1. Between 22, 33, 84, which is of a type in the set (A, V, I, L, M), in contact (Cβ under 8 Å) with a residue 24 or more places away in the chain, buried (at least 24 other Cβ atoms within 10 Å of the Cβ) and in contact with a strand residue (DSSP E or B) (Cβ under 7 Å, 6 or more places away or on another chain)?
2. Within the stretch 94-110, restricting attention to residues that are among the aliphatic types (A, V, I, L, M) and surrounded by fewer than 24 Cβ atoms within 10 Å (Cβ to Cβ), which residue is nearest to residue 384 (Cα to Cα)?
3. Of 78, 98, 61, 126, which residue is charged (D, E, K, R) and at pLDDT below 95?
4. Just need a number here: residues in the stretch 153-173 that are aromatic (Phe, Trp, Tyr) and open to solvent by less than 20 Å² (accessible area, probe 1.4 Å).
5. Given the structure, is residue 57 closer than 22 Å to residue 288 by Cα, open to solvent by 30 Å² or more (accessible area, probe 1.4 Å) and in contact (Cβ under 8 Å) with a residue 12 or more places away in the chain?
6. Identify all residues within the stretch 129-152 that are assigned to a loop (DSSP other than H, G, I, E, B) and either in contact with a Pro (Cβ under 9 Å, 6 or more places away or on another chain) or open to solvent by 30 Å² or more (accessible area, probe 1.4 Å) (or both); write none if there are none.
7. Give the stretch 174-191 a look and list any residue that's open to solvent by 30 Å² or more (accessible area, probe 1.4 Å) and assigned to a helix (DSSP H, G or I), or say none.
8. From 272, 268, 279, grab the single residue that is in contact (Cβ under 8 Å) with a residue 60 or more places away in the chain, closer than 19 Å to residue 154 by Cα and open to solvent by 20 Å² or more (accessible area, probe 1.4 Å).
Amino acid sequence: MLNRASEATNMLKEHIEKDSVIRLISHNDADGISAAAVIANALKEEDVQFHTTIIPRLKEDMVNQLRSEKYDLFIFSDMGSPFIKEFNTYKHDVIVADHHQVNDTEAESNVVHINPHLFGIDGSKDLCGAGSAYLAVRDLDKKHLAHFALIGAFGDMQGQGGFTGVNSTILGDAMESGVVEIHEGLKIVSKASEPIFKSLAYTFSPPLPGISGDLEGAQEFLEKRGLSYGIKFTDLEDEEKDLLKDALIEINPDIFGDCYTVPKEVPLLRDLEEYSYILDACGKNKKQGLGLSIALGEKDQALDAALRLQRQYRDQIVRGLEWIKREGAQQLNAIQYLYSEDKVLKSVMGTIASIGLSVELLDNSKPVIGLSRLHRDIKISGRTTREMVDRGVNLGKALQDSSNNFNGTGGGHDIAAGAMIPYEAKDNFLHLVDEMVEYQLNND
C-alpha cells in the first residue's frame, strides 16, 4: 500500500517539477472535502497551480468530459475507483486516491490507483478517502497535513472507537509532527458554542439513546440531575461536569474517552471530530467550497458562515429523527426503508438513516435504505451496522448490483453505500435489494 502511494508521490513530483497545472476532483462530504484539503494544501505549499472541483458523485459523462480538458495530471480523491477502465484510456496521467469498493480492472502505466481494498485492507474502517489522498502526498514531507486524513476518517465514521489499520499509522504521523494531541474527555459536540442541552441533543456519535436528536429529552435529562440546561458545558463548575460525565457514562460508556485535538487551531476547529462535522455541514448544504476554503486557512467570516450552516443542518437532522419517530420505517423481509419527497428530509436522508440505527429508533437487525426523489430519479442511501456486516451483509455490492438492473449506478462500502435509479424502478429495486440482502445473510 505504501509502495503504491510512493508511486503516486513520484508521479506528482514529476508534474511539480514540470510546472504542470493539476486538476483535482473530490467528493462533497466531510471525507471528500478533507481529501481535497490534504492535496490542495500540499500543492499550495509546493507553489503549484491547481483547479479543484468538488462534486456529489462522479458520473460517466463527467469522466468523458474531463478527458478533453488540457491538464497533464488529474487527481481523483474519495472517488474514481469504478472508472479505472476509462482513466486507462486518458492521454494524461491520473492519480486515484479512493477507499470505496473496487472492480477487477488493472490500472495502466498512466494511472496510479491507491485504494485499501486492493491490498486486503478494509476501506470502511481502516482507511478513508482523505487517508488515501494523504498517502499520495506523505513522501513530499507532508506529515503535518496528517490531521486532515483523520478529520476525513471521523467524517466517514472511522475514528469514533479509536483509529485502526492504516488510520493508526496516520495518527502516528500526526502526533510525530506535533500537529495532533490526545486527551481524555467527554465526546459531546459544541462544548463552547451551544447551550448544553443542544450539545447533548446534537451528539450523535457516540449515540445517547433518548437524548441524541431529542431537544426535549436532553432538557429533561439535565433537569432531573439539577443541572442548568441553558448554559454552555465550558461554563459548568467542575463538580457539575463530573456529575454530567457519570450520568452520561451510564447511558453509553463510549461517551468518555480519547479526544483528538489540533492545539494550534482556532478553538472551534480544535477538535478533529467537530471539524469533520463543520465540513460535513458545508458539503450537505452545497457549500463545499466554503468547507475547502476553511481547510485552506480562511477563518473569521468563512467560519461564521459554516457555523450557521452547521446549526441549520443539525436542526434538519433533529427534524428528520422526529419524522422517523412519528412514521417509522417500511418493513420488508431483510431490509427496512424510508421514503420522502420533503426537501429538508431529502437533504439528510443518509444521515438520519445512520443515526436512526445507532439511537435505536430503527430496527438495527435490518439494513435501512433511505430513498429521496430527485425529479425523475431516486437517490438511495443505504446504512447498516458492523454486526450485520459481520453476518454477511455487503450494501455496496447489493446496491451496485441492484441498481445496474435498472440502468442506475451504485456502490460504496459494505456498511454504507449509495445509488441512483429511475423513479419508476423504485418498488422493483427495493424488492431486489431485499432479496440480495436475504441471500447474503443466508449464504455467509
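The values are calculated or read from the model by the stated rules, or taken from the named source; none is laboratory data. Predicted model only: the values in this text are computed from it and were never measured. No Cβ is skipped: glycine too gets one built from the backbone with ideal geometry, and neighbour counts run over all protein chains shown. Note: accessible area is taken over every heavy atom of the protein model, side chains too, but ligands, DNA and RNA are not part of it. Shrake-Rupley method; radii C 1.70, N 1.55, O 1.52, S 1.80 Å.
1. Details: 22 fails: buried (at least 24 other Cβ atoms within 10 Å of the Cβ); 84 fails: buried (at least 24 other Cβ atoms within 10 Å of the Cβ).
Exactly one residue qualifies, and that residue is 33.
2. Of all residues in the stretch 94-110, those among the aliphatic types (A, V, I, L, M) come to 94-97, 102, 107.
Cutting the leftovers down to surrounded by fewer than 24 Cβ atoms within 10 Å (Cβ to Cβ) gives us 102, 107.
On the way: 102: 20, 107: 31 Å.
Among them, the one singled out is 102.
3. Details: 78 fails: at pLDDT below 95; 98 fails: at pLDDT below 95; 126 fails: at pLDDT below 95.
Among 78, 98, 61, 126, only 61 is charged (D, E, K, R) and at pLDDT below 95.
4. Of the stretch 153-173, the ones aromatic (Phe, Trp, Tyr) are 154, 163.
Retained after the next criterion (residues that are open to solvent by less than 20 Å² (accessible area, probe 1.4 Å)): 154.
Here the count works out to 1.
5. Here the answer is yes, as residue 57 does meet what is asked.
6. 141
7. We begin by selecting, within the stretch 174-191, every residue open to solvent by 30 Å² or more (accessible area, probe 1.4 Å); these are 175-178, 181-184, 187, 191.
Residues satisfying the conditions are 175, 176.
8. Numbers: 272 fails: open to solvent by 20 Å² or more (accessible area, probe 1.4 Å); 279 fails: open to solvent by 20 Å² or more (accessible area, probe 1.4 Å).
The unique qualifying residue is 268.
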